[in-house]
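Notes follow once the structure below has been shown.
Every number here is computed from the coordinates shown, using simple stated rules; none is lab data. Owing to the predicted nature of the structure, the values given are computational and were not obtained by experimental measurement. Cβ sites come from the backbone with ideal geometry, for glycine too, and all protein chains shown count toward neighbours.
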Amino acid sequence: MDFPAFPDAPPLFSQAEKLELASPKTNAKRFRELLSEKTKAYNDLFHDLYPIEKLVKGLSGLYDEVMHAAWVRAGLHEESDIAMVAVGGYGRSELHPKSDIDLLILLNDDREPNAAKIESFITFLWDLKLDVGHAVRTISDCASLAETDITVITNLIESRTLYGDKELLANLKLKIDVNHMWDGHTFYRAKLLEQQQRHAKYQNTAYNLEPNLKECPGGLRDMQVIDWVAKRHLHTHRLSALVDKQFLSEDEYMQIKGAVSHLWRIRWALHTIVGRKEDRLLFDHQRTLAKEFGFDDEDLKRNVERFMQGYYQSVAAIQQLNDLLLQHFEESFLHIEENPDIEVINERFQINNGQLEIRHPDVFSETPSAMLEIYKIMGDRSEFKGIRANTMRALRDNLELVDESYRNDPVNTNLFLDIIASRYRMTTILRSMKHIGLLGRYLPEFGAIIGQMQHDLFHIYTVDAHTLQLVENLRRFLLPESRSVFPISSQAIRHIAKVELIYIAGLYHDIAKGRGGDHSELGCVDARLFCERHGLNKHETDLIEWLVRHHLLMSVTAQRKDISDPEVIWEFASIVKDQERLDYLFLLTVADINATNPSMWNSWRASLMRQLYLETKRALRRGLDFPIDAEMQSDEHKQRALEILIERNADIIEAENIWSEIEDEYFIRSSGEEIAWNTEAILNHRPSTKPLVAISPLGGRNFSGASKVFIYTPIASHLFAVTAALFEQMGLTILDAKINNTSNHYSLDTFVVMESGENCDTNLHLDRERIELVKKTLIEQLDSPSLYESVVKRFTPRHLKIFNAPSTVHFVSQPEEVWSALEVTAPDRPGLLALIGQFFMEHNIMLHKAKIATLGERVEDTFYITEENGDLITEHTRMQHICDALKHSIDRFSQATDK
């Protein structure tokens, strides 16, 4: 491919333009025009793939000339003992199109500032619409601030004089030298702490959905930390000097330079697209950037994922080298005076002051299996602090030895299985192996998913980060503190025969993401090949392959099907077949949900998973040849409810009279505890004809998060629409809905709700005042509905607007058709359920039950409906009309709320 020939440096102002800028007759408008012309020329060069380093430096030089013209224009060139100093990124001669321009107007200690001229200078820059930050200080002021403020000293380290007396900055730098303040050790510790605190703001991961390319782990700031520490302690003025000082290899320098250049190009394009300083890769910007960087296939989602994979790979490289260099710095000039405490492990490894290291430089080249052995050693012993920088570098330098023959060597496959079975720090070891590049080399299929994002709101991590988080979650189930949070998981993981098998299934469950096709089926192939290569027996191989194939089965069944239906339980148990698979699948599913998006795991999902697990366990004990029937389940639930009511001294005869009025489906699909709660509430409410509203925590007082809202009120067509609208207005999200009718024309509705948005971690049932407000509002509006039509037009959050795919609506067959099941998949929008409720009301449809599943940016809801008279909806024309009309209403609603 032929590349265009570029000039050595991008164009600055011509001599004629410089004269025009210097003329007092040239107004701010003309300045802006000239800047606009040059900026356009720079953007043209950017699109022609001009080297980004030269563009960034050239743009800084362009603004140097603007600063000079403005300085002269304000008459400051006539003043003595004053200088204009560039600090921050501008001080490094690095500017992107909308970067801040940070200036220090530096004065001699005995100099009073000419306030009028300085004000004229800054005002003119603002008139040019430049984002200028400035400070006016004397040398002593700067030194005093720098002594106590890490940010000030950092800015001054990379400052440069633009115009004025150069001796002023030289004198200041003498005052802030390491001999007077912030010695190399102290400065390093402060920057390290600063970086740790910054990383914590981004959950210590580079793999956020909308990352900040400057501040996130692996972002540009991490590279600057290296630069700052090197300047302060090693007195270097360019990154390449670290190669000369043997802190970086030539290959590492080229790798980090390439990663920084990539992020610079993204940042340049982002500033240009947004038209202002912006470092966040928001969803809508990701789409535009993907096209800008040449990903312009018809598959928009895939384009974004490919673009972001490149981004994540660059930040991973920066993060890796940031960690390596900071550790190298620490070993080299923080612990240089320590007496080494050496413990020899074998002929290849030793412990040096608590850190593992190789005993000679050629360990890995002479014994390549040692690259896995070092991690096995880490997993066998608990006292290691980590691996020394020289050893990590040697490991990186020998990764090319990990080839197909290496992967098939029994010594290495046994070592890897030992790592998976590590007693200590197994997930830390896997993350280190990924970080250094070894895991992706040893498992090429895993290497393919590194940085693989999923462009949605449900999966908040890249596939590789999610996978390792899942494995960590599985490890946590073994910790004592998990017994209260994950009681069943904590018990189940202690009962499975071989815990390593579920770690392997976890590693492979999403291994085929991004390939197209069914990733569960494709992943089975990789999982089986892994098992065969590592010598697992047939039973273990079959189990892992089955888990990978069915890793979504339990969550789909629990969240999208009616697990109170004995037929659903029997169908699920028939696939699982035995208790061993049930335990393994339950553990994998709980760990998977929590690793996909921690906010998705709440008391409601926990209760669904617990219910499905326990009901399936009962079905397996009973035997698949003896499925429980609906009548038997109804009798069991009634018997349990009677026991509770008797304990509470309730009127049993009156309770049974109430039950005689309720349809059988209610008793099949409601637990004994729920039946008793509902019955007692109705007994206490009678003979009032007002709507009854009762609120209880889900699953008892020990379960936080979701609440149950029970409504007993005369049947009305508006009931679901009004209730859904009111919950929406009160900031409550509906997770589940059951609607049952009585023979005396009353409706028994049970809604599972949670606080929505920023209040999702709070508990409705713990706030007595809020409970009373919810009850009062529901009772008033159910008694005299007036509100729901306006509630469905609420504001849609920005991140939801980006994802606006067309809805799908269709009927699905049921194992036992009591009701017609209507499935709706649509973009999540405030007021959507109220809209659907209103649609049912207007089309004479009776809603009996709803399964509500919100998966990031979309909802996948199932509504169990009949005609108003209770008949099934089976006529094809009627079904098609309902689907078409509801889809049209939802799509029109989504478009309207996005405006």
Mean separation of Cα pairs under 8 Å and 6+ residues apart, divided by the residue count of segment 15-182: what relative contact order is that in percent? 25
Relative contact order of segment 316-474, defined on C-alpha pairs under 8 angstrom at six or more residues apart (%): 18
By how many degrees, 0 to 90 and rounded to 10, does the Cα axis of helix 250-274 deviate from the longest principal axis of the chain? 70
Tell me the mean residue ellipticity at 222 nm calculated for the chain from its helices only (DSSP H runs of n ≥ 4, each -39500 (n - 2.57), averaged over every residue, nearest 500). -16500 deg cm²/dmol
So how tilted is helix 768-783 from the main axis of the chain? Cα-based, degrees 0 to 90, rounded to 10. 60
Reachable lysines, given that their alpha-carbon falls under 20 Å from the alpha-carbon of K175 and they are not under 8 places away in the same chain: K166, K231
Proxy reagent accessibility, fewest Cβ within 10 Å first, across I653, I105, I628: I653, I628, I105
What relative contact order, as a whole-number percentage, does the chain give when Cα pairs under 8 Å and 6 or more residues apart are counted? 6
Which of the aspartates and glutamates could be linked to K561 by a straight reach, that is with a Cα gap under 15 Å, when you skip same-chain ones fewer than 8 residues away? E571, E615, D736, E816, E817, E823, E860, D861
Whether segment 209-282 is rounded, prolate or oblate, judged on the alpha carbon gyration tensor where a/c under 1.5 counts as rounded: prolate
Nearby lysines by direct alpha-carbon distance to K129 (threshold 20 angstrom, same-chain neighbours under 8 apart not counted): K18, K25, K29, K38, K40, K98, K117, K277
Using θ = phi - 60° and the Karplus curve 6.51 cos²θ - 1.76 cosθ + 1.60, what whole-Hz ³J(HN,Hα) does each residue of segment 875-882 get, with Gly and Pro shown as x? 6, 4, 4, 5, 4, 5, 5, 4
Apply the a/c threshold of 1.5 to the C-alpha gyration tensor of segment 339-431 and tell me whether it is rounded, prolate or oblate. oblate
Could you size up the charge dipole of segment 1-147 around its Cα centre, putting +1 on the beta carbon of Lys and Arg and -1 on that of Asp and Glu, and report it in debye to the nearest 20? 500
Angle in degrees between helix 139-148 and the longest Cα principal axis of the chain, rounded to the nearest 10: 40
